[in-house]
1. Do you know which residues across the range 84-130 are surrounded by 10 or more Cβ atoms within 10 Å (Cβ to Cβ) and among the acidic types (Asp, Glu)?
Amino acid sequence: MISINATIVVQVIHFLILVFILNRLMFRPILRLIVERTQYFEETRNEIESIESETERAKNEYLLREINARRDAAKERSRIKDIGITKAEEFLDKSRQEVSSIRTQVDKRAEEQLEKARPVVPGEAGALAEEILERVIGRRNVG
């Protein structure tokens, strides 16, 4: 059987001294390292989450800027197109006015030439008719 004597007491005291020494030399430093590493991993995780949220915010800001830039570009394109259409219409109106002016001048000149030619035409028409008659019949009209 087990007997309690002085050797057990000495062994218990040695065990307690060993536990105390191991606690001071091994367990506390290891636990401190474990706590430090846990804190480091938590800090790193928090930093990663912070960077991820910052990245997401920057991405959203970029997308918003892109949307605004596309909208502004569409407005600018529309404005430039409207200006081009307006200028083209002005150019067409100016061209139509010039064409109308030129047509009026040409019609006026044609009318003047027609007025000059009207008195001459009946005489020339008679002479032309005689010449045609001469060629068709082959002789000269004596009359």
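The values are calculated or read from the model by the stated rules, or taken from the named source; none is laboratory data. Here the structure is a predicted model, which is why all the values come from computation and not from measurement. Quick reminder, even Gly has a Cβ in these numbers, built from the backbone with ideal geometry, and neighbours come from all protein chains shown.
1. 89, 90, 93, 98, 107, 111, 112, 124, 130 - these are the residues of the range 84-130 that are surrounded by 10 or more Cβ atoms within 10 Å (Cβ to Cβ) and among the acidic types (Asp, Glu).
Here's the yes/no breakdown for (1) in a helix (DSSP H, G or I); (2) touching a Leu at 6+ places or on another chain (Cβ under 7 Å); (3) among the aliphatic types (A, V, I, L, M); (4) at pLDDT 95 or above:
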{"site": "2", "(1), (2), (3), (4)": "no, no, yes, no"}
{"site": "9", "(1), (2), (3), (4)": "yes, no, yes, no"}
{"site": "24", "(1), (2), (3), (4)": "yes, no, no, no"}
{"site": "27", "(1), (2), (3), (4)": "yes, no, no, no"}
{"site": "45", "(1), (2), (3), (4)": "yes, no, no, yes"}
{"site": "58", "(1), (2), (3), (4)": "yes, no, yes, yes"}
{"site": "71", "(1), (2), (3), (4)": "yes, no, no, yes"}
{"site": "77", "(1), (2), (3), (4)": "yes, no, no, yes"}
{"site": "80", "(1), (2), (3), (4)": "yes, no, yes, yes"}
